[in-house]
C-alpha cells in the first residue's frame, strides 16, 4: 500500500551545510499494518513520516501510496491527498488552545464543506469513540494532557483517514495515559487503519498489536 | 524627456519587471530543457520547486501588466495635456518613431500573456502538470518580446520632447495622414460594417455548433474589424462629429471614460474566444470560455451599436 523507493532526504541548511536525514532507504507498509519506527532523536523517523504524509518531498526516490506517486504531487494536490487520507497525531497535540473541543475536532472537515448533519454525525462518532463527549464544550487549554491527546486523536480520525501518523505520541504522557493511548491504537487497528508511529518510548516495543518494528539509525534502516 | 509621476512609476515598475523577467526567463529555459515528469532525481525535484516559484513570478507579472496597460493609456492621455499640439494619447503615441510599434507590441503581448495564463491554469489543475514544458518554453521565447516592450516603453518616454509640437489626433486619424493609418480610410463604411456584423453572426453560429477553432479565428477577425470600425465608424458617433476618428479621445472624462469599458469588453471577449480554440482544456471549461467570450463580445457590439442607433433616433439622419 505504501512504498518508499530509494529515498534519500537531504536538508540544505545553507549552500555549504547539508544534513542527510535519510540515505537510499526502501520500505513498504501493508494496509492495516501497525508499524513502529524506532530510533534516537535525529535518526530520520520524522522524515519518513513527513514523506509518507506528503508534507515534504524526497531529494531523490519516490513515495507511492495506493499506486499514486505522492512525492510527485504538486503542493495543492499534496494538500488534498493529506486532507483525504492522513490523520496526524503530534507530540504536542497541535490543538488550537482557545477553541472548544468540538471546534478543534471539526477543523479538518471545514475545507470539505460538508452538510451540517453529516459533520455532526462524524463529530459525535469520534467523540464517543475516544471518550471525550462529556468535554465537548470545554476550551481546550482547560483540559488535562491526556484529554488533550484524546481530542488530538479524535481530530485525526474525524475524516476517517486510511493512514494514521503519530510522531512521538506519548512523549508528554505519563505511563497510565500512554497505556490508555495503546488501547486506542488497538481500537484503530481493529478498524483496519494503517498506523505508523515514530517513537523511542520502550512501551511500544514488543507489543502484540505491533506488526513490525523498524529501527532507523543515521538515516538508514537497520535490518 | 518627460518625467511626470506616472512615467516615473512606469519606469520603476519596468525596472522591477525586467529584473524578475530575466530571473524567470533563465529558470523557464532551464525547466523547459530539463523537465522530465517521470524522473525521481534530485534535479527533477529541484525543477519542480523552481517551476512553482517561476510560475508565481510570471503569473504576478502578467496579472499586474493587465491593469498597467490601462495605466499606460491613462498616462499617455495625461501627458497629452503638456505636449504642444496633442489633444489625447494619440498625439503622444505619434510624438516619437517608437510609439506605434510599442502600442502594437503591447497589444500582441497582452494576448500572448493571456494565453500563457490560460495554459498555466490548465496545467496546475492537473496533478501530472501536462503543460509545464510547453508553458515554460513559451515564456522563455516571449520573455524577449516582453523585455523588448519594457525597454521600448522607456525609450519612447525618454524620446518625447516636450517643447516640440506634435500632430493632434484629428491629423493622425484622417485620410490625409502620412502614416499607414490613412489606408484604412480608403475602406467603405457599409462594406466594413457588413463584414463586422457578419463576422459576429458567424461567431454565434460557431458557438452554437461548438466549432471552437472557427470560433477562435472569428475572434481574431472580430478584434481587427472592431478596431477598424471603431476608428472609421463608431468613434464618430461617440464624438458626434463626422470627421473625428480618434480611438483615444473617448478614454477621456468628456466621454465618461467609455473607452475603457469598450476596450475591456473587446479585450476580455476576444481573449476568451481565442483561448477557447488554442488552449487545451476539458469540455466543461471550453464551453464556459466560449460562453464568456460570446457574452463580452455581444456586450461590446451592443454598446458600440447603441451610439449610432441613439444618434439616428434623436436626429433622424446618419453622420
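Each reported figure results from applying straightforward, stated rules to the coordinates on display, with no laboratory input. This structure is a prediction, so every number in the text was calculated from the model and none was measured. Cβ coordinates were reconstructed from backbone atoms using ideal geometry, including for glycine residues, and neighbour counts include every protein chain displayed.
Who wins for biggest fluctuation among A:120, A:149, A:91 in a Gaussian network model of chain A, springs between alpha carbons below 10 Å?
Maximum fluctuation in the GNM of chain A, among the listed residues, is at A:120.
Taking the beta-carbon count within 10 Å as an exposure proxy, list A:179, B:299 from fewest neighbours to most. It would help to have the intermediate numbers written out before the result.
On the way: A:179 12, B:299 17.
Ranked by crowding around the Cβ, least crowded first: A:179, B:299.
State the Cα centre-to-centre distance between segment B:187-225 and segment A:65-132 in whole Å.
52
I need the calculated FRET efficiency for the pair residue A:80 and residue A:118, taking r as the beta carbon distance and R₀ as 22 Å, to the nearest 0.05.
Numbers: r = 19 Å, r/R0 = 0.86.
Result of the calculation: an efficiency of 0.70.
Compare A:33, A:62, A:17 in a GNM of chain A, Cα atoms joined below 10 Å, and give the one with the largest fluctuation.
Between A:33, A:62, A:17, it is A:17 that shows the largest mean-square fluctuation.
Between segment A:186-201 and segment B:237-251, what is the C-alpha centre distance in whole Å?
76
What is the distance, in nm, between label points placed 7 Å from the Cα along the Cα-to-Cβ direction at residue B:4 and at residue A:110?
Here the answer is 4.8 nm between the modelled labels.
With n ≥ 4 as the cut-off for DSSP H runs, can you work out [θ] at 222 nm for chain A, using -39500 (n - 2.57) per run divided by the number of residues, rounded to the nearest 500? Walk me through the numbers on the way to the answer.
Values: 6 runs with 68 residues, N = 223.
-9500 deg cm²/dmol, from helical runs alone.
Go ahead and run the numbers for FRET between residue B:213 and residue B:125, Cβ-Cβ distance against an R0 of 25 Å, rounding to 0.05.
Details: r = 22 Å, r/R0 = 0.88.
After rounding, the FRET efficiency stands at 0.70.
Going by a ≥ b ≥ c, the root eigenvalues of the Cα gyration tensor, does segment B:18-126 fall in the rounded group (a/c under 1.5), the prolate group (a/b larger than b/c) or the oblate group? Present the calculation step by step, with values, prior to reporting the outcome.
On the way: a/c = 3.62, a/b = 3.09, b/c = 1.17.
Since a/c reaches 1.5 and a/b is larger than b/c, the shape of segment B:18-126 is classed as prolate.
Where does helix B:258-278 land angle-wise versus the long Cα axis of chain B, in degrees 0 to 90, nearest 10?
Computed tilt is about 40 degrees.
Using a simple spin-label model with points 7 Å from Cα along the Cα→Cβ vector, what separation in nm is obtained for residue B:261 and residue B:310?
With each label point 7 Å from Cα toward Cβ, the separation is 0.8 nm.
Can you tell me which of A:40, A:65, A:52 moves the most in a GNM of chain A? Springs connect C-alpha atoms under 10 Å apart.
Maximum among the listed residues: A:40.
Please determine, in degrees from 0 to 90 and to the nearest 10, the orientation of helix B:189-208 with respect to the longest principal axis defined by the Cα atoms of chain B, where the helix direction is its Cα long axis.
Tilt of helix B:189-208: around 30 degrees.
When the helix-only estimate is applied to chain B (DSSP H runs of n ≥ 4, each -39,500 (n - 2.57), divided by the residue count), what is the mean residue ellipticity at 222 nm, nearest 500 deg cm²/dmol? List each step's numbers first, then the result.
Values: 12 runs with 234 residues, N = 319.
Helix contribution divided over all residues of chain B: -25000 deg cm²/dmol.
In degrees from 0 to 90, rounded to the nearest 10, what is the angle of the helix B:283-315 Cα long axis to the longest principal axis of chain B?
For B:283-315 against chain B, the angle is about 10 degrees.
What is the list of residues in segment A:55-96 whose amide nitrogen lies under 15 Å from a point 7 angstrom out from the Cα of residue B:41, following Cα to Cβ?
A:59-62
Nearest 0.05, what FRET efficiency do residue B:303 and residue B:155 give at R0 = 35 Å with Cβ-Cβ as r? Display every interim value, and only then the final one.
On the way: r = 35 Å, r/R0 = 1.00.
The computed FRET efficiency comes out at 0.50.
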